[in-house]
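Nothing in this text is a laboratory measurement; each read-out follows from the coordinates by a stated rule. This structure is a prediction, so every number in the text was calculated from the model and none was measured. So basically every Cβ, Gly included, is an ideal-geometry build from the backbone, and we count neighbours across all protein chains shown.
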Amino acid sequence: MLKRWRQTVTATDLVVWAIGLTIGIGVIYGSIQTIRAGQYTSQQWINLTIDGLKLGEIYALNALGYTLVYGILRMINFAHSEIFMSGPFTAVFLAKYLNSIGFYNSHPIISLLLITLLSAAISATLAILLERIAYRPLRFAPRLVPLITAIGASFFLQYTFRGMYGNDPETYPTFDILKGVFQIGPIPIPKTDALVIVSAILMMLILYGIVQYTKIGKAMRSVSEDKETALLMGIDVDRVIVFTFILGGISAGVAGILYSLIFHQVHFYMGFIPGLKAFTAAVLRGMGNVVGA
């Protein structure tokens, strides 16, 4: 077992684990020191925990897009932050229209489903186009070439959406149904935060289930392991790669809507910081590792 472990674990894995362990120790030590200093009340700690959960789950959901694509193509899709941006930045106009005709708050569940579906559809469509136009012709190129292409595609998409929708931020209308808090014992949880946390968990479980327990998920894992052997086994590699981009696009589109429910404003540059944090999360636990992301 030890021999097998030595063969599978690389120096890169050890460095990443060491960085993660150092960060974990620093967080625990800092938390203990802060608790001892008594700088925050118990309610403030609860609020900080809820904020960390809701933002962390959005970043994790976005990180799945990075790690899925890397697991299949062994390339970092830096344009994924713009896929995250494109869905909610488009769906905001539907939300405004529904609000203008009075449908938005009179039928909040249907409205939320409609803007989420539109966001996921736009992000998934953009991911398909990105794979087909930018990445597929470079499938067998040196690894630096698709990396540079991804950076170029990121800038291209940013300024395309800036040209289509303008420089100014757009604001999502507020759902009246999400005002107020849920009281769970002594803990008050804002309704928006509760929706974001539960929705993100469900979405991550669905994605994990698809990858681990479905036929297409098994094909994805096979292609990730060895494309040539998967092709010899009768797996349509191009189809699997397209499906992976669709899955990553949908997760980014849903994450974008959850992000918009918290911050309300969307703009052409909104994907950069969440994308950077999601990418960091994916790297720290190992790119290509769905559970780690």
Candidates (i) -0.49, -1.07, -1.24, -1.32; (ii) -0.33, -0.94, -1.27, -1.45; (iii) -0.39, -0.98, -1.22, -1.32; which is the computed log10 I(q)/I(0) by the Debye sum over Cα atoms at q = 0.08, 0.13, 0.15, 0.16 Å⁻¹? (iii)
With a/c under 1.5 counting as rounded, go ahead and sort the range 170-293 into rounded, prolate or oblate using the C-alpha gyration tensor (a ≥ b ≥ c being the square roots of the eigenvalues; past the cut-off, prolate if a/b is larger than b/c, else oblate). prolate
Straight-line reach from residue 215: which lysines have Cα under 25 Å away, leaving out those fewer than 8 places along the same chain? 227
Relative packing of peptides 55-68, 228-241 - highest average C-beta neighbours within 10 Å first: 55-68, 228-241
Listed highest first by mean packing, meaning other Cβ atoms within 10 Å per residue, what order do 266-276, 156-166, 22-32 come in? 266-276, 156-166, 22-32
Highest mean packing first, using Cβ neighbours within 10 angstrom, the peptides 99-106, 253-260, 204-211, 115-122 sort as 253-260, 115-122, 204-211, 99-106
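Could you put 82, 170 in order, starting from the residue whose Cβ has the fewest other Cβ atoms within 10 Å?
170, 82
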Computed [θ] at 222 nm, deg cm²/dmol, the chain (DSSP H ≥ 4; -39,500 (n - 2.57); rounded to nearest 500): -25000 deg cm²/dmol
